[in-house]
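Here the structure comes first, spelled out in structure tokens, and everything after it is commentary.
Each value in this text was obtained by applying a stated rule to the coordinates, not by laboratory testing. It should be emphasised that the depicted structure is a prediction, and the values quoted were computed from it without experimental measurement. Note that each Cβ is placed from the backbone with ideal geometry, even for glycine, and that neighbours are counted across all protein chains shown.
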Ligand SMILES: [Zn+2]
């Protein structure tokens with residue numbers, strides 16, 4: 001099963017503050033993310049990403065969603081598809097970045113342990 005098939009939950013109501021700068025973000029998303037531990041077992045996990053107007057500035061996918069949310073305080077049914085497309089693009093970018101970081105951390109740990 002591909003991770004791309006996993007459910008992504010986008011939360012618009014009362015999302016948590018940004019873990020980096022503490023700004024309240026307009027939206028957060030949770031997605032399942034699993035990785036393999038040192039013995040090769042799959043470890044399931046949930047990751048959460050915040051859309052932060054400060055930290056995510058200048059990221060095209062984040063900017064697109066931020067700009068949309070800035071002019072749409074409430075979502076009309078006719079706008080749901082646009083919102084869905086913008087949030088999916090943002091989550092894809094945020095998710096890829098988090099996975100990269102996970103791999104970097106993992107490789108760092110392994111190199112420290114003399115496994116690489
Ligand atoms: Zn931030």
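Which angle from 0 to 90°, rounded to the nearest 10, does the C-alpha axis of helix 60-71 make with the longest principal axis of the chain?
Value to nearest ten degrees: 30.
Over segment 1-93, what portion of Cα pair distances is larger than 19 Å, expressed as a whole percent?
Summing the P(r) of segment 1-93 above 19 Å gives 45 percent of all pairs.
Under a GNM of the chain (C-alpha, springs under 10 Å), which listed residue has the highest mean-square fluctuation: 13, 38, 67?
Most flexible of the set in this elastic network: 38.
Students often check this: by mean Cβ neighbours within 10 Å, which of 17-23, 50-56 ranks highest, and how do the rest follow? Working shown, then result.
On the way: 17-23: 12.6, 50-56: 19.6.
Highest-to-lowest ranking by the protection proxy: 50-56, 17-23.
Please give the helix 80-112 orientation as an angle from the longest Cα principal axis of the chain, in degrees from 0 to 90, rounded to the nearest 10.
With both axes taken from Cα atoms, the answer is about 20 degrees.
For a protection proxy built on the mean count of beta-carbon atoms within 10 angstrom, sort 68-74, 91-97, 24-30 highest first, please.
Order by mean packing, descending: 24-30, 91-97, 68-74.
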